[in-house]
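Comments concern the structure below.
The values are calculated or read from the model by the stated rules, or taken from the named source; none is laboratory data. From a predicted model like this one, the values you see are computed outputs, not experimental measurements. Quick reminder, even Gly has a Cβ in these numbers, built from the backbone with ideal geometry, and neighbours come from all protein chains shown.
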Amino acid sequence: MVWGVAAALLANVLYSTGFVLEKRALAALPPLRAGRPGRAVLLLAGSPLWLGGALALALGFAAQLAVYRVLPLAAAQGLFVSGLALLLLLSSVVLGERLTAAELRGVAVIGVALLLMVASLREGTEPIARTAEAGPLLGLCLPALALGLWLYGTAERRARRRHRPPPTGVVYAVAIGLLYGVSSLAIKGVSGHLTTAGPAAAVPALLTSPYPYLLLLTGAFGLVLSQSALQRCRASLIVPVCTTVTCVFGVAGGTVAFGEPLPEDPLRLVLRLGGTALALAVVLTLPRHHTDRPTHEGNRS
C-alpha cells in the first residue's frame, strides 16, 4: 500500500512536469492540426523540449503501471487526481496561466469532489482485479472512444466558425479524458497480466487480449488530439477537466468491466457516488467559451 501511494505521487510529479514542458514547447511550434497527424508528429519530434516532456510522461506511465499492481483502480485514480494541485502551481509559475473566476470555482469544487472519492476508500478492504472479460471491456471502451472522437470533431468544427468566442477547451478536455479513461483501463489490464505471470507467459496472453490494441488506439489518437488542444488552450483548464473525466470513467469502468465492487458501507458508498456526481456536474457546467476575464492577467494560449 505504501509503495503504491509513493508510486502514485511520483507519477503525479512526472505527469505534471511532462504536461508543462510540452505546453512550453508547443508555444514555439507552428499550429498543429488534428487532421494532419503526420505533420504534427514530425513537428513534435523535432522539438527537444517537447521530447523531454514526453519522456517525463513515459516515466509517469511506468509509475502508473506499478500503482495498478498494488492498488484498486478507484483508489489509484483518486491519488492521480491529487496531482492537479501541482499542475496548477507549475502552470501558474512556469507558463503564467491564470484561471477565470468561474473556472477557479469549478476546479475548487472538483477538488472537493475528488476528496470525497478518496475518503470513500479504506485500506485493506478494496479488492484488486487483474483482468476483465473482453466483451464487457470492449462494450464499455469502444463507445467511449467513438464519443470522444465525435466530441473532439464537433469542437473543431465549432472553433472554425467565424464570429464565435474562442473556446476554453472544456469540450476538448472531455473528449481527451474519455480517450485517456479507456487508456487507464488498458493500462490496468496490462499491469494485471504482468502481475499474474512472468514476462515469457505474459506477452502471448497480452497479444490475445484487447489491452495492447486499446493502448495503441488511444495512444495514436491521444497524442495528436491532446497536443493540438494543449497548444490552443490553457493547460490549467485542459488537464484538470481531462483528469476528472478520466478518473470518473476509470472508476466506473473498474466497477463494471473489472468487477471491482462499490463499497458496501452506506457512508463510503454515498461519498464515492456523491463525489462522482459532483465532479461530473462541474465538468458539465464549466463555460465552453471565454466570457469573463482571468483572475489575473496571464497567458491565454
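Identify the residue in segment 2-52 that is of a type in the set (Phe, Trp, Tyr) and crowded, with 21+ Cβ neighbours inside 10 Å and, among all such residues, is nearest to ALA155 (Cα to Cα). Walk me through how you get there before you give the answer.
So in segment 2-52, the residues of a type in the set (Phe, Trp, Tyr) come out as 3, 15, 19, 50.
Checking which are crowded, with 21+ Cβ neighbours inside 10 Å leaves us with 15, 19, 50.
On the way: TYR15: 25, PHE19: 22, TRP50: 25 Å.
Among those that are of a type in the set (Phe, Trp, Tyr) and crowded, with 21+ Cβ neighbours inside 10 Å, it is PHE19.
Against the condition over 26 Å from ALA279 (Cβ atoms) and in a helix (DSSP H, G or I), how does LEU42 come out, does it pass?
Working: over 26 Å from ALA279 (Cβ atoms): yes; in a helix (DSSP H, G or I): yes.
Yes; evaluated as a whole, the condition is true for this residue.
How many residues, within segment 262-301, are modelled with pLDDT of 55 or more, over 24 Å from LEU26 (Cβ atoms) and not in a helix (DSSP H, G or I)? Break it down into steps so the answer makes sense when it comes.
Start the filter on segment 262-301 by keeping residues that are modelled with pLDDT of 55 or more, which leaves 262-287.
This time we only want the ones that are over 24 Å from LEU26 (Cβ atoms), so: 262-282, 284-285.
Pick out the ones that are also not in a helix (DSSP H, G or I) and you get 262-265.
Matching residues across segment 262-301 total 4.
Taking PRO166 and the conditions (1) at pLDDT below 85; (2) buried (at least 23 other Cβ atoms within 10 Å of the Cβ), which numbered condition does it fall short on, given that it satisfies the others?
(2)
Only one of LEU55, LEU65 is at pLDDT 90 or above and either part of a helix (DSSP H, G or I) or within 18 Å of LEU88 (Cα to Cα) (or both). Can you tell me which? So that I can check it myself, show each step before the final result.
Numbers: LEU65 fails: at pLDDT 90 or above.
So the residue among LEU55, LEU65 that is at pLDDT 90 or above and either part of a helix (DSSP H, G or I) or within 18 Å of LEU88 (Cα to Cα) (or both) is LEU55.
Give GLY35, GLY135 a once-over and let me know the one that is part of a loop (DSSP other than H, G, I, E, B) and either at pLDDT below 85 or over 18 Å from ILE187 (Cβ atoms) (or both).
Details: GLY135 fails: part of a loop (DSSP other than H, G, I, E, B).
None of the others qualify; the one that does is GLY35.
Can you say whether ALA56 is within 30 Å of LEU273 (Cα to Cα) and either crowded, with 17+ Cβ neighbours inside 10 Å or of a type in the set (Ser, Thr, Tyr) (or both), as far as the supplied structure shows? Before you say what the answer is, go through the steps one by one.
Numbers: within 30 Å of LEU273 (Cα to Cα): no; either crowded, with 17+ Cβ neighbours inside 10 Å or of a type in the set (Ser, Thr, Tyr) (or both): yes.
Spelling it out, it is not the case that ALA56 is within 30 Å of LEU273 (Cα to Cα) and either crowded, with 17+ Cβ neighbours inside 10 Å or of a type in the set (Ser, Thr, Tyr) (or both).
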